[in-house]
Amino acid sequence: MPKNITLTIDGHTITTTEGMLVVDAAKLAGIDIPVFCYHPKMEPVGMCRMCLVEIGRPAIDRTTGTPMLEADGRVKIQYSPKLETACTTPVSEGMVVVGLSDRVKAGRKDVLEFLLTSHPLDCPVCDKGGECPLQNLTMEHGPGSSRFLLDEKMHLAKHVPLGDLIYLDRERCIQCARCVRFQTDIADDPVIGFYNRGRKLEIVTSSEPGFDSIFSGNTTDICPVGALTTADFRFGARPWELNNAASLCNHCPVGCNTTINVRREAKTGGDVAIKRIMPRQNEQVNEIWMCDKGRFAYHFADSPDRLKKPLVRSGSELKESGWDEALNLAAEKIKQAGTSLVTVASGRLTNEDIFNLRELTEKQGGTFVGYSRMAGGDLVNRYGMAPGSNLGDLGKGSVIVVVASDLHEEAPVWWLRVREAVKRGAELIVANARPTRLDNFATQTIRYNYGEEVSTIEKILTGDTASSIKQADNLVVFYGSDGLGRKATGDLAAVCARLIQQSSHTGKVNSGLIPVWERGNTQGLWDMGGRPVADLAGLLAGAKAVLIAGADPVLDDPLLERALEKTEFVVVQELFATATARMADVVLPVLAFTEREGTYTSAERRVQRFYPAVPAPADLKADYEIAADLAGRLGAALEARAPSLVFQLAAAQTPSYDGLSYQKLAETVDQWPIIGRSDVYYGGTSYANKQGLGVQLPLLPADDMEIPSPQKAEILKAQGHSLAIYPIFKLYDKGITVTTSPLLTPRLAKADLRIHPLTAKGMMLAAGMQLMLPVDGAAFSVEVVLDDSVPEGAGLIPRSVGVPVYEPVIIEIAAPVADHSSRVR
């Protein structure tokens, strides 16, 4: 362990650990040393010189090696002849740091004066005004006037689009390199960099399309001036006009903590509008980062296409109705269905929604189904991450296994955290049928054929790696669904759980099984009793009434559409008029997460609370309220007064949630680094977490459930003019909450059929060809994309792009067509 060091900073005696930088030691003690280029999440570079301080060290007698003493017995301090950078200097025993001397004040004043020689005087119109480190530090440390002429300032291009999401004002850039270093050192996307030298130095993008990174928005948070701004917030509002609400991202299973900034404005008729979403610090979840999908996809919530009133079918049309008419009709049909009621809910919903929907269904004797393309939630509750676990603690002595998952696309912040763990010394084993970006950091890469996922992990259990895994202090196993269907993911979960068990890592802190779920609250869906079924189509076809919440099975699968056509009555709770909603008999409009509060459970089994950011529209209801209202019309009482009360009931019935409450989820502790204080220059424009860090659930006893034995996997073998088609995940899919966020439209995944060039040559296919792909009796237009990372003989189709390939399948490739075609019946 690092030894303790005692030093003095501005007259305050401080004890800290060896190796800590002076600027960090000062911050811990509540002493601010101004910085521009330094950031506590990145390696120091000492570029801006704003953190200059005087540093003295004990004078050492060369003959004895002991500190020299003054006449009064005090240790003699020898100061450096020049000021030193606090951001690059580690603390040492007996060090004395002076940040308030005349020399330091003069140095800081000079640095600011030089920076301002090339900086525009556009503070009144700059987007960073109110949270600008340069503005704040100039007021505190800068000169009152300048010795340089105004007309000698550099004039560079303003409002330059680095990409479709980020804009650059070159005049404002102070060349601190925070953005460049983040993209290179943390995101591993070196797509922006410096061009030219001296005063002509500029930030440029080197990628096509520009600023091609899924983490680009983070650079606007850490930029210490108004040089980088996001496309949706620039010129949008002033920080002091904004109110803040603590929230969560539900686009993937990470559970990133966020802050939603809102204000009232004229263009919304005086209503409260969301202006931006920012990261909120949670060092055990997302630290201070978030991906661009979570940052920009919130626009679905204020889409003009949102459902605004209930809809009831009249003949072949859905027509607007009142809530009483719609709910009475739905309740009547649900009552008539009795035990033939089937409710389908997804992990897009909150724990409270899922609980009430399950209660409604069970009180009618119906069947409650979790809509998930992955399995294994029961095993995760026994072999998952134990309380106190933190991916940020993984390093030397830890082993991380990632199997059948492209973390960069499926759970971007986990990708960041796994990469950082490797930099700290963790051993990484990546097993996949195709290369992913995580391969670049792997200690060992295992390539298998699709269908061999289970046997690959079984070989790890008995192979050369087994001993190092057993000896590891920590073992974390991520399993996903790359190229897999639901049953195969269940088998994979089982063999991964056995890897945890047989290596003696069950229940250990910082060890466990992590599923890369397709939705943010799929673990909560399992916990609240929502389990997938083997034959959903058969179940739906035989039901008299089906209630669907937060899912769009018609878009996903033609078999499910045909099954619903046989159902006597369909009720849908939704945000938009989805394909499933359009064939329903009753459609009930629901609140978005921005308009309500609730809880989600991440795949690391952390239950977290989010809060409403904007007032709830008068004619919309939360899913749990609708379920309770339906239950009341059927003579059953369900809680609907507040989500906290629903959660209290759910926690009482769910063993691992026992004792949890909204108050418990709102608790916080001090975190390092210190973020979100008034200085803003130290950690950037991120938000401190004052509203709750969440609670990691205790594990259920592992011995109360036998790990199932996986069945022999079927390996698809294509012959002739056919391909084995496998589903993969792309970050910017065409899910309803993404396609209705216009800012992300240029980045949406396309209906591509990705094949190896040699496969294409053998089938006489070329890049750009349009093919009609037959799936379950329907035909879908896809474009051929050549990709040498795809296994030969296989074809990859992204999920949620309108082509319903969710299970591996052999498909005969039809002849090319001239143009894109819509779905053919």
Worksheet item: Do the conditions hold for residue 180, that is, is it in contact with a strand residue (DSSP E or B) (Cβ under 7 Å, 6 or more places away or on another chain) and either among the β-branched types (Val, Ile, Thr) or at pLDDT below 95 (or both)?
Response: yes
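Restricting attention to strands (runs of 3 or more DSSP E) lying wholly within the range 581-679, give those where 1 or more residues are basic (Lys, Arg). Show your work before the answer.
Working: elements: 586-589, 598-601, 606-610.
By residue number, 606-610.
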Discussion item. When you scan the range 427-437, do you find a residue that is open to solvent by 10 Å² or more (accessible area, probe 1.4 Å), of a type in the set (Asp, Glu), under 27 Å from residue 367 (Cα atoms) and under 27 Å from the mean Cα position of the chain (by Cα), even just one?
Written reply: no
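Does residue 792 count as without any contact (Cβ under 8 Å) to a residue 40 or more places away in the chain and assigned to a loop (DSSP other than H, G, I, E, B)?
On the way: without any contact (Cβ under 8 Å) to a residue 40 or more places away in the chain: yes; assigned to a loop (DSSP other than H, G, I, E, B): yes.
In short, yes.
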Practice prompt. Kindly indicate the residue of the range 372-387 that is farther than 19 Å from residue 655 by Cβ and not aliphatic (A, V, I, L, M) and also most open to solvent (accessible area, probe 1.4 Å) among those meeting that condition.
Written response: 373
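Can you spot a residue in the range 796-807 that is more than 30 Å from residue 295 (Cα to Cα) and either among the aliphatic types (A, V, I, L, M) or in a loop (DSSP other than H, G, I, E, B) (or both)? Don't jump to the end; show me each part of the working.
Just the residues of the range 796-807 that are more than 30 Å from residue 295 (Cα to Cα), to begin with: 807.
Within this subset, residues satisfying the condition of being either among the aliphatic types (A, V, I, L, M) or in a loop (DSSP other than H, G, I, E, B) (or both) are 807.
Taking every residue of the range 796-807 in turn, at least one turns out to be more than 30 Å from residue 295 (Cα to Cα) and either among the aliphatic types (A, V, I, L, M) or in a loop (DSSP other than H, G, I, E, B) (or both).
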Practice prompt. Confirm whether residue 692 is farther than 25 Å from residue 795 by Cα, in contact with a Leu (Cβ under 7 Å, 6 or more places away or on another chain) and either open to solvent by 20 Å² or more (accessible area, probe 1.4 Å) or part of a loop (DSSP other than H, G, I, E, B) (or both).
Written response: yes
Discussion item. Need pairs with beta-carbon distance below 6 Å; first residue touching a residue at least 40 places away in the same chain (Cβ under 8 Å) and within the range 130-145, second open to solvent by less than 50 Å² (accessible area, probe 1.4 Å) and among the charged types (D, E, K, R); sequence gap 6+ or separate chains.
Written reply: 130/238; 141/108
Worksheet item: If we only count strands (runs of 3 or more DSSP E) wholly inside the range 262-322, which ones have 1 or more residues that are within 23 Å of residue 179 (Cβ to Cβ), open to solvent by less than 20 Å² (accessible area, probe 1.4 Å) and touching a Pro at 6+ places or on another chain (Cβ under 8 Å)?
Response: none
Practice prompt. Filter the range 394-425 for residues that are over 18 Å from residue 189 (Cα atoms) and crowded, with 24+ Cβ neighbours inside 10 Å and give the result.
Written response: 394, 399, 400, 401, 402, 403, 404, 405
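Here's the yes/no breakdown for (1) of a type outside the set (Lys, Arg); (2) touching a helix residue (DSSP H, G or I) at 6+ places or on another chain (Cβ under 6 Å); (3) farther than 30 Å from residue 569 by Cα; (4) in contact (Cβ under 8 Å) with a residue 12 or more places away in the chain:
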| residue | (1), (2), (3), (4) |
| --- | --- |
| 354 | yes, yes, no, yes |
| 379 | yes, yes, yes, yes |
| 406 | yes, no, yes, yes |
| 412 | yes, no, yes, yes |
| 422 | yes, yes, yes, yes |
Worksheet entry | Residue pairs meeting the criteria (Cβ under 6 Å; at least 6 apart or on separate chains; first within 19 Å of residue 402 (Cβ to Cβ), in the range 500-514; second among the β-branched types (Val, Ile, Thr) and not in a loop (DSSP other than H, G, I, E, B)) | 503/469; 513/380; 513/477; 513/500
Item to complete: Could you tell me whether the range 561-572 includes any residue that is under 29 Å from residue 644 (Cα atoms) and either in contact with an Asp or Glu (Cβ under 7 Å, 6 or more places away or on another chain) or of a type outside the set (D, E, K, R) (or both)?
Response: yes
Worksheet item: Given the structure, is residue 361 assigned to a strand (DSSP E or B), of a type outside the set (Gly, Ala, Ser) and either open to solvent by 10 Å² or more (accessible area, probe 1.4 Å) or under 28 Å from residue 610 (Cα atoms) (or both)?
Response: no
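Give the residue, chosen from 49, 57, 74, 62, that is touching a helix residue (DSSP H, G or I) at 6+ places or on another chain (Cβ under 9 Å) and open to solvent by 70 Å² or more (accessible area, probe 1.4 Å).
Numbers: 57 fails: touching a helix residue (DSSP H, G or I) at 6+ places or on another chain (Cβ under 9 Å); 74 fails: touching a helix residue (DSSP H, G or I) at 6+ places or on another chain (Cβ under 9 Å); 62 fails: touching a helix residue (DSSP H, G or I) at 6+ places or on another chain (Cβ under 9 Å).
Criteria check complete, one pass: 49.
Residue-by-condition table, conditions (1) open to solvent by 10 Å² or more (accessible area, probe 1.4 Å); (2) in contact with a Ser or Thr (Cβ under 7 Å, 6 or more places away or on another chain):
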| position | (1), (2) |
| --- | --- |
| 517 | no, no |
| 520 | no, no |
| 540 | no, yes |
| 547 | no, yes |
| 577 | yes, no |
| 584 | no, no |
| 599 | no, yes |
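Condition first: over 27 Å from residue 549 (Cβ atoms) and either surrounded by fewer than 18 Cβ atoms within 10 Å (Cβ to Cβ) or touching a Cys at 6+ places or on another chain (Cβ under 6 Å) (or both). Can you find one or more residues in the range 620-637 that meet it? Give the derivation first.
Quick first cut of the range 620-637, residues over 27 Å from residue 549 (Cβ atoms) only: none.
Checked against the condition, which is being over 27 Å from residue 549 (Cβ atoms) and either surrounded by fewer than 18 Cβ atoms within 10 Å (Cβ to Cβ) or touching a Cys at 6+ places or on another chain (Cβ under 6 Å) (or both), the range 620-637 yields no hits at all.
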Item to complete: Please enumerate the residues belonging to the range 601-619 that are among the charged types (D, E, K, R) and either modelled with pLDDT under 95 or open to solvent by 20 Å² or more (accessible area, probe 1.4 Å) (or both).
Response: 609, 619
Item to complete: Of all residues in the range 522-531, count the ones that are more than 28 Å from residue 400 (Cα to Cα) and either open to solvent by 10 Å² or more (accessible area, probe 1.4 Å) or in contact with a Leu (Cβ under 6 Å, 6 or more places away or on another chain) (or both).
Response: 1
Fill in: Residues located in the range 505-515, provided they are aliphatic (A, V, I, L, M) and open to solvent by less than 40 Å² (accessible area, probe 1.4 Å)
513, 514
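Restricting to the range 738-766, and then to whatever is in a helix (DSSP H, G or I) and among the small types (Gly, Ala, Ser), can you tell me which residue is most open to solvent (accessible area, probe 1.4 Å)?
Here is the first cut: in the range 738-766, the ones in a helix (DSSP H, G or I) are 738-739, 742-747, 757-762.
Subset that is among the small types (Gly, Ala, Ser): 760, 762.
Working: 760: 2, 762: 67 Å².
Ranking the qualifying residues of the range 738-766, first place goes to 762.
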Discussion item. Conditions first: (1) touching a residue at least 40 places away in the same chain (Cβ under 8 Å); (2) open to solvent by 80 Å² or more (accessible area, probe 1.4 Å). Residue 7 passes all but one, so which condition is the exception?
Written reply: (2)
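Say whether the condition of being in contact with a Cys (Cβ under 8 Å, 6 or more places away or on another chain), open to solvent by 50 Å² or more (accessible area, probe 1.4 Å) and under 22 Å from residue 18 (Cα atoms) is met by at least one residue in the range 81-89.
Initial filter on the range 81-89 (in contact with a Cys (Cβ under 8 Å, 6 or more places away or on another chain)): 85-87.
Then keep just the ones that are open to solvent by 50 Å² or more (accessible area, probe 1.4 Å); that gives none.
The answer is no; no qualifying residue exists.
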Fill in: Which listed residue, of 25, 29, is in contact with a strand residue (DSSP E or B) (Cβ under 8 Å, 6 or more places away or on another chain) and open to solvent by 40 Å² or more (accessible area, probe 1.4 Å)
29
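Is it the case, given these coordinates, that residue 698 is at pLDDT 95 or above and surrounded by fewer than 17 Cβ atoms within 10 Å (Cβ to Cβ)? Steps first, answer last, please.
On the way: at pLDDT 95 or above: yes; surrounded by fewer than 17 Cβ atoms within 10 Å (Cβ to Cβ): yes.
Spelling it out, residue 698 is indeed at pLDDT 95 or above and surrounded by fewer than 17 Cβ atoms within 10 Å (Cβ to Cβ).
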Discussion item. Looking only at the range 123-148, filter to residues that are out of contact with any Gly (no Cβ under 8 Å at 6 or more places or on another chain) and farther than 23 Å from residue 105 by Cα; which one of those is most open to solvent (accessible area, probe 1.4 Å)?
Written reply: 124
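The values are calculated or read from the model by the stated rules, or taken from the named source; none is laboratory data. Just so you know, these numbers come straight off a predicted model, no measurement behind them. Don't worry about glycine lacking a Cβ; one is built from the backbone with ideal geometry, like all the others, and counts go over all protein chains shown. Heavy atoms of the whole protein, side chains included, go into the accessibility calculation; ligands, DNA and RNA do not. Shrake-Rupley method; radii C 1.70, N 1.55, O 1.52, S 1.80 Å.
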